[in-house]
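Remarks on the structure that follows.
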Amino acid sequence: MIRPFEEYAGFGTRAIAAIVDFAWLAAVVFACSYFLLGSEILTQLLSGDEAALQQAGIQAFLLNDVLPFLLTLFFWIRYGATPGKIVADCEIVHATTGKPITLGQAVLRYLAYLISALPLGLGFLWILWDKRKQGWHDKIANTVVIMHDEMNVPLNKLVQS
């Protein structure tokens, strides 16, 4: 159950969190790519060189697709939020119980981002109109993003965190 001292995170808050998440994920992927592939291949990849993509092969897939997936899942399961949502004091929870999301929900939510993005981002814009501020990926995975209001949380709970 969502507690009364929490509110749903709106589009603006979530958009800012997404920008923060894009920045740190891009930095991690770039740094790992630099160290694992080398500067020459990385430069060629960034310029769109097909031969470099062939040469990087599975490593490029692992760095660009699998690494962000795993990092995102780690943060969702361990902290209930990515660094961007942590900065915004938000948490992803089960829409019905308010409890932390499961690994299955996290995987489904991540994969459902594609559904939210495909029709010109309409699934993300849906947050603007939905009464619970859910995007399509939230609805599919049965999650909501809540904002914590420390004003109504007992001090001993804040200190323990």
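The values are calculated or read from the model by the stated rules, or taken from the named source; none is laboratory data. Everything numeric here is computed off the predicted structure, so don't read it as measured data. We place every Cβ from the backbone using ideal geometry, glycine too, and count neighbours over all the protein chains shown. For the accessible areas, the whole protein counts, side chains as well, though only heavy atoms, and no ligand, DNA or RNA atoms are used. Shrake-Rupley method; radii C 1.70, N 1.55, O 1.52, S 1.80 Å.
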Diffing segment 87-95: the Karplus 3J(HN,Hα) column from phi (6.51, -1.76, 1.60, θ = phi - 60°), in whole Hz with x for Gly and Pro, holds 4, 7, 6, 10, 8, 8, 9, 4, 5
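Using a Förster distance of 25 angstrom, determine the FRET efficiency expected from the C-beta separation of residue 50 and residue 23, and round it to 0.05.
Values: r = 28 Å, r/R0 = 1.11.
It comes to 0.35.
Could you give the length gained on full extension between residue 32 and residue 89, defined as 0.36 nm per residue of separation minus the Cα-Cα distance, in nm? Walk me through the intermediate numbers first.
Working: separation 57, 0.36 × 57 = 20.52 nm, distance 2.80 nm.
Residue separation times 0.36 nm, minus the Cα-Cα distance, leaves 17.7 nm.
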Out of segment 102-145, which trypsin sites (Lys or Arg not before Pro) are coil in DSSP terms and have no more than 12 other C-beta atoms within 10 Å? 131
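Segment 20-129: which chymotrypsin sites (Phe, Trp or Tyr not before Pro) are DSSP loop and have at most 16 other beta-carbon atoms within 10 angstrom?
Values: sites: 22, 24, 30, 34, 35, 61, 69, 74, 75, 76, 79, 110, 113, 124, 126, 129; in loops: 129.
Within segment 20-129, the qualifying chymotrypsin sites (Phe, Trp or Tyr not before Pro) (loop, at most 16 other Cβ atoms within 10 Å) are 129.
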Could you provide, to the nearest whole Å², the per residue accessible area of segment 1-120 with probe 1.4 Å? 59 Å²
Accessible surface of segment 24-74 [probe 1.4 Å, protein heavy atoms]: carbon and sulfur percent: 68 percent
Taking the Cα atoms only, what angle lies between the long axis of helix 103-117 and the longest principal axis of the chain, rounded to 10 degrees? 70 degrees
For P(r) over Cα pairs in 10 Å bins from 0, in percent, the choices are (i) 10, 30, 23, 17, 12, 7, 2; (ii) 10, 34, 30, 18, 7, 1; (iii) 10, 41, 38, 11, 0; which was calculated from the structure? (ii)
Enter the angle in degrees (range 0 to 90, nearest 10) between the Cα long axis of helix 67-79 and the first principal axis of the Cα atoms of the chain, meaning the one along which they spread out most. 20 degrees
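Please give me, ordered by residue number, the GluC sites (Glu not before Pro) of segment 25-115 that lie in loop per DSSP and have at most 10 other Cβ atoms within 10 Å. Don't skip to the answer; put the middle values down first.
On the way: sites: 40, 50, 91; in loops: none.
Taking segment 25-115 and a limit of 10 other Cβ atoms within 10 Å, no loop GluC sites (Glu not before Pro) are found.
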In segment 29-46, whose amide N lies under 13 Å from the spot 7 Å out along Cα-to-Cβ of residue 59? List them in ranges. 32-45
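Which of rounded, prolate, oblate describes segment 57-134, given a ≥ b ≥ c as roots of the alpha-carbon gyration tensor eigenvalues and a/c under 1.5 marking rounded, otherwise prolate only if a/b is larger than b/c? Provide the component values of the computation, followed by the final result.
Values: a/c = 1.95, a/b = 1.26, b/c = 1.55.
It comes out oblate by the Cα gyration axes.
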Between the helical axis of 11-37 and the dominant principal axis of the chain, each derived from Cα atoms, what acute angle in degrees is found, rounded to the nearest 10? 30 degrees
